[in-house]
Amino acid sequence: MLMEEQATVGSRIKKIREQLDLKQADFAQQLSEDPKKISRIEKEVQFPDSNFLIQLGERLDVSLDWILRGVGKMFLSDSDSSSANFFPSEVDSGDFAFVPVYDVNASAGHGAFNDFGSEQAIQHMAFLNSWIHGNLSSSAERMVVIRAVGDSMLPTISNGDSLLLDVSPHFAGDGLYCVQLHETLFAKRVQRKSGHGYQLISDNPNYEPLEVNEEDEDAFRLIGRILWVGKQV
C-alpha cells in the first residue's frame, strides 16, 4: 500500500484540519485542546500524546494508522467495515512507547517546591520505539516527561519545554540532569567536583552556579538524566 504523501505526523494532522475546513482554534475546540498545542503539533515541535490521538479517533472518526504511518484511509468511515479500527494491530503490537507525563515542574530558574514521588501521571506522550532505540541510550520503562519552568537554562531549555528523563538514580557523567536540592527540582548541567559534591551550572550566564558540597549531600538527589527537550514556540 502506498504511503500518504504527507510524510510526518504533524503534516497529516494539519491535512485533517484542512480537510474539515477548520481553523486551528476551531479544530482545538473540537478536541478540547489548546490552539497553541495544535500549532506545535503541526509544526512538529510537539508529538501528539495518547489522549490527543484518542480524541481524534473518537470525535472526528480519524484512523490512527493513517495519522501515525500514512497508511490506509484518513477517516474510518471511508475504510472497509471489516478493517476499520482506530487502534490497528500494527500499532498496538509495539511500534510506540507511551511515556507517562507528570504534572511536575523542574526549575530552570530559581526553583519551586515539588514532591516528584507523590505525583500521578496526567497523560502519556507517544514515542516511536525505533526512535528511542536508535537515538537514546535508555529504555522506555525508565522514562518520564515533566515540564521546565524558568529561564536559567536558555537557550537550551525554555520555560514550558517538555523534558524527557531517564529516571535511573545514578550519575552517568557530566551532562543535563533533573536534580532535587532540598525541596526544589532543578534542570541543570551537572558536573561532579573533584573529591565530593557537584556543581549545578546554568546555560544562561545571568545565573551563578549552585554548589552542592559534602554537607549538602543528604539534601541532594539525582532525579534523572535529560534525554530530549520538546520545545515550545
Q) Considering only residues of segment 113-168 that are at pLDDT below 85, closer than 15 Å to Leu227 by Cβ and over 16 Å from the mean Cα position of the chain (by Cα), which is surrounded by the fewest Cβ atoms within 10 Å (Cβ to Cβ)? A) Ser137
Q) Conditions: (1) closer than 17 Å to Phe127 by Cβ; (2) surrounded by 18 or more Cβ atoms within 10 Å (Cβ to Cβ); (3) not acidic (Asp, Glu). Val45 meets all but one. Number of the miss? A) (2)
Q | Pairs with Cβ under 7 Å, 6+ apart, first in segment 18-46 and in a helix (DSSP H, G or I), second among the hydroxyl-bearing types (Ser, Thr, Tyr) and surrounded by 12 or more Cβ atoms within 10 Å (Cβ to Cβ) | A | Gln24/Ser39
Q. Here are some residues: Ser93, Ser63, Ser89, Ser79. Which one is modelled with pLDDT under 80, farther than 30 Å from Asn206 by Cβ and surrounded by 16 or more Cβ atoms within 10 Å (Cβ to Cβ)?
A. Ser79
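The values are calculated or read from the model by the stated rules, or taken from the named source; none is laboratory data. Predicted, not measured: the structure shown is a model, and the values here were computed from it. As a convention, Cβ positions derive from the backbone with ideal geometry for all residues, glycine included, and neighbour counts pool all protein chains shown.
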